[in-house]
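The values are calculated or read from the model by the stated rules, or taken from the named source; none is laboratory data. This is a predicted model, so every value here is computed, not measured. Here Cβ is always computed from backbone atoms with ideal geometry, including for glycine, and neighbour counts include all displayed protein chains.
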Amino acid sequence: MNWRGVYAIYRFEMARTGRTLLQSIVSPVISTTLYFVVFGSAIGSRITDVGGVSYGAFIVPGLIMLSLLTQSLSNAAFGIYFPRFIGTIYEILSAPVSAFEITLGYVGAAATKSLMLGVIILATASFFVPLEIAHPLAMLFFMVLTCFGFSLFGFIIGIWADNFEKLQLIPLLVITPLVFLGGSFYSIDMLPDVWRTVSLFNPVLYLVSGFRWSFYEIADVSPLVSLTAITFFLGACLMIVWLIFKTGYRIRA
Amino acid sequence: MTDAGSGLPTGEPVISIRGVSKTYGDGFTALSDVDLDIEQGEIFALLGPNGAGKTTLINIVCGIVGASAGRVLVGGNDNVAKYRQARELIGLVPQELHTDAFETVWNTVSFTRGLFGKKTNPAHIEQVLKALSLWDKKDGEIMTLSGGMKRRVMIAKALSHEPRILFLDEPTAGVDVELRKDMWNLVRELRGTGVTVILTTHYIEEAEAIADRVGIINKGRLILVDEKAALMAKLGRKDLMLQLEKPLTAIPESLAAYGLELRNGGRELVYTFDVVSKRTGVTRLLNDVKKAGLTVCDIETKQSSLEDIFVGLVKETA
Ligand SMILES: Nc1ncnc2c1ncn2[C@@H]1O[C@H](COP(=O)(O)OP(=O)(O)O)[C@@H](O)[C@H]1O
Ligand SMILES: [Mg+2]
């Protein structure tokens, strides 16, 4: 293993985060706060408890997931897309680093950043609603798996994209709707039967449900099913990345 | 046996390219069956017009482009199967200026060293930056630098991990005199420490100024590889053009020995001579032209362009 190589990439990516601190940390905090003000306080005060949890508290896990997913995706996608775009990728390709090491460096940095963000949002949320975390370790575990899984997914998008439009496309067109329709702001029990069934095909539902369970022990699907789903997703992404490097797709001419 | 300084096997070529071909995804064949050995410690110039395949060849050796056929050994290591060992030996300065905008000079150079798995060594980075007149810019962001300075940064990156082989792809394209001078000094210094330098160029003068050996590549084929001196003798041709006041219908008998060519409807006599040889025959020709009673109204000499030479070589080798 070329650990120094991995660390070089990791540090480079983290330094990039540092330079864009405002955009990458402050803006999610602001938008989360807005969600709390609008959904938690204004609307939430008119909604009864969901599964014995106040509505404000109920949406915390979903809100964190929303940020983790979109941020992991866009950070990792941008991290690998940019050197391809400006040409500095030549250096990575000609260095004695393996595909695994390259991925670890980029995805590790993107996941770290998302994790930090998750913690910050959690802290922000605690100012608005009383938080209880029933299973802190499980919560952390879900968070880490999600960050890595979606950073990997972002990494794939960053390799696939050959223009900025495509880079934005998936987060905007796919992830945001999936998160909103994945039970982030409601329990699927509140939906008519048909829509409840449809929701079960939304992979994000499993994430949000499992994550929420680690807070309040209420879930739309069993936490074990959630865990299986996210692990499966992570595995699938790993598989795709492996294929990408093996075939040199969009990387080596 | 290995050489104490480099840890490379001695007596063997430091890079061995065998039967390398490259057809790009769009079906274009950029390299056809290239064989080339680079000797340890030499300065090798790869000479060829734009589009000849120079960058493609370098990118294959460095692992940026995959070859369609053939194999490459770097320091005895297959550059695919043992890519780590092969790549550790190589520093690459690509043709295009690819730099990060917001990184500082110091950080970007240190980054490369880390990427190549080398332990941090501030003293070495300092030495490299000083050698490239970048020391006072070390904390500056790259985007604040001029084009020439950026190129220096790219050279510094390539040298950051103490490579045994340095690739310079078109190092002097769009580069000022100062940098060109510094670069050649650096290249000679590097050779002094046993580093092998491979550079590409489409200027004969450049190859002449610095290289030990020269390889000529055209349309993806390596046409010939030779010692510089031998090659310059072949390439260093000039045309002397004499504009005549009165057009000729035929070349006078007394000038037959010069192998002259009559152009422009008999208004121009062209003499091709060898710049490198001691006797170019120019004085003698001019004397004989005078004796033949011809009046010359203008004289011009022209270096045979590289294109011309290539065309000549390609015809010869076809
Ligand atoms: N990625 C690519 N896809 C298709 N054709 C390419 C690619 N890269 C280079 N070429 C073509 O291959 C030929 C050789 O290019 P290159 O190796 O850059 O030549 P040189 O460096 O000698 O100017 C050129 O005709 C170029 O257009
Ligand atoms: Mg080139």
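Considering only the range B:163-179, state which residues are free of Cβ contacts under 8 Å to residues at least 40 places away in the same chain, of a type outside the set (S, T, N, Q) and either over 20 Å from B:Ile125 (Cβ atoms) or within 14 Å of ligand 1 (Cβ to nearest atom) (or both). Across the range B:163-179, the qualifying residues are B:Gly174, B:Val175, B:Asp176, B:Val177, B:Glu178. Out of B:Arg87, B:Arg113, B:Arg151, one residue alone is under 23 Å from A:Tyr10 (Cα atoms), of a type in the set (Lys, Arg) and touching a strand residue (DSSP E or B) at 6+ places or on another chain (Cβ under 9 Å). It is B:Arg87. Does the range A:30-39 contain any residue that is within 10 Å of another protein chain (Cβ to nearest Cβ) and surrounded by 19 or more Cβ atoms within 10 Å (Cβ to Cβ)? The answer is no, given that none of the residues of the range A:30-39 is within 10 Å of another protein chain (Cβ to nearest Cβ) and surrounded by 19 or more Cβ atoms within 10 Å (Cβ to Cβ). The range A:51-130 holds helices (runs of 4 or more DSSP H) entirely within its bounds, and those carrying 2 or more residues that are over 24 Å from A:Ile244 (Cα atoms) and of a type outside the set (Val, Ile, Thr) map to A:55-58, A:60-86, A:99-126.
Residue-wise test of (1) modelled with pLDDT under 95; (2) over 30 Å from B:Arg87 (Cβ atoms); (3) more than 14 Å from chain B (Cβ to nearest Cβ).
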| position | (1), (2), (3) |
| --- | --- |
| A:Val53 | yes, yes, yes |
| A:Ala99 | yes, no, no |
| A:Tyr106 | no, no, no |
| A:Met116 | yes, yes, yes |
| A:Ile121 | yes, yes, yes |
| A:Thr124 | yes, yes, yes |
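It is to be established whether one or more residues within the range A:235-247 are crowded, with 19+ Cβ neighbours inside 10 Å, in contact with a Gly (Cβ under 7 Å, 6 or more places away or on another chain) and assigned to a helix (DSSP H, G or I). So far as the range A:235-247 goes, yes, one or more of its residues are crowded, with 19+ Cβ neighbours inside 10 Å, in contact with a Gly (Cβ under 7 Å, 6 or more places away or on another chain) and assigned to a helix (DSSP H, G or I). Just to be sure, is B:Ala101 closer than 30 Å to B:Glu227 by Cβ, within 13 Å of another protein chain (Cβ to nearest Cβ), away from ligand 2 (no atom under 16 Å from the Cβ) and assigned to a loop (DSSP other than H, G, I, E, B)? The answer is no for B:Ala101.
Among the residues making up the range B:292-318, those that are at pLDDT below 90, outside any loop (DSSP other than H, G, I, E, B) and not hydrophobic (A, V, I, L, M, F, W, C) are B:Thr301, B:Lys302, B:Gln303, B:Glu307, B:Asp308, B:Gly312, B:Lys315, B:Glu316, B:Thr317.
Pairing residues of the range B:48-62 that are under 19 Å from B:Ala207 (Cβ atoms) and in a loop (DSSP other than H, G, I, E, B) with residues that are near ligand 2 (Cβ under 8 Å from one of its atoms) and not small (Gly, Ala, Ser), at Cβ distances under 8 Å and at least 6 apart in sequence or on separate chains, gives B:Gly48/B:Lys54; B:Gly48/B:Thr200. Here B:Val105 fulfils each of the conditions (1) aliphatic (A, V, I, L, M); (2) crowded, with 23+ Cβ neighbours inside 10 Å; (3) near ligand 1 (Cβ under 10 Å from one of its atoms) apart from (3).
Can you work out which of the residues in the range B:32-78 that are more than 14 Å from chain A (Cβ to nearest Cβ) and of a type in the set (Asp, Glu) is nearest to the chain's Cα centre (by Cα)? Looking at residues that are more than 14 Å from chain A (Cβ to nearest Cβ) and of a type in the set (Asp, Glu), I get B:Glu42.
Counting residues in the range A:15-22 that are closer than 30 Å to B:Arg113 by Cα, within 12 Å of chain B (Cβ to nearest Cβ) and at pLDDT 90 or above gives one or more. Candidates in the range B:17-31 are the residues that are within 14 Å of chain A (Cβ to nearest Cβ) and buried (at least 22 other Cβ atoms within 10 Å of the Cβ); of these, the one that is nearest to ligand 1 (Cβ to nearest atom) is B:Ala30. Note on the range B:129-152: residues that are in a helix (DSSP H, G or I), surrounded by fewer than 21 Cβ atoms within 10 Å (Cβ to Cβ) and without any contact (Cβ under 8 Å) to a residue 40 or more places away in the chain amount to 7. The condition of being in contact with a strand residue (DSSP E or B) (Cβ under 6 Å, 6 or more places away or on another chain), more than 16 Å from ligand 2 (Cβ to nearest atom) and either within 12 Å of chain A (Cβ to nearest Cβ) or within 27 Å of A:Phe12 (Cα to Cα) (or both) holds for only one of B:Ile125, B:Ile142, B:Ile165, that being B:Ile165.
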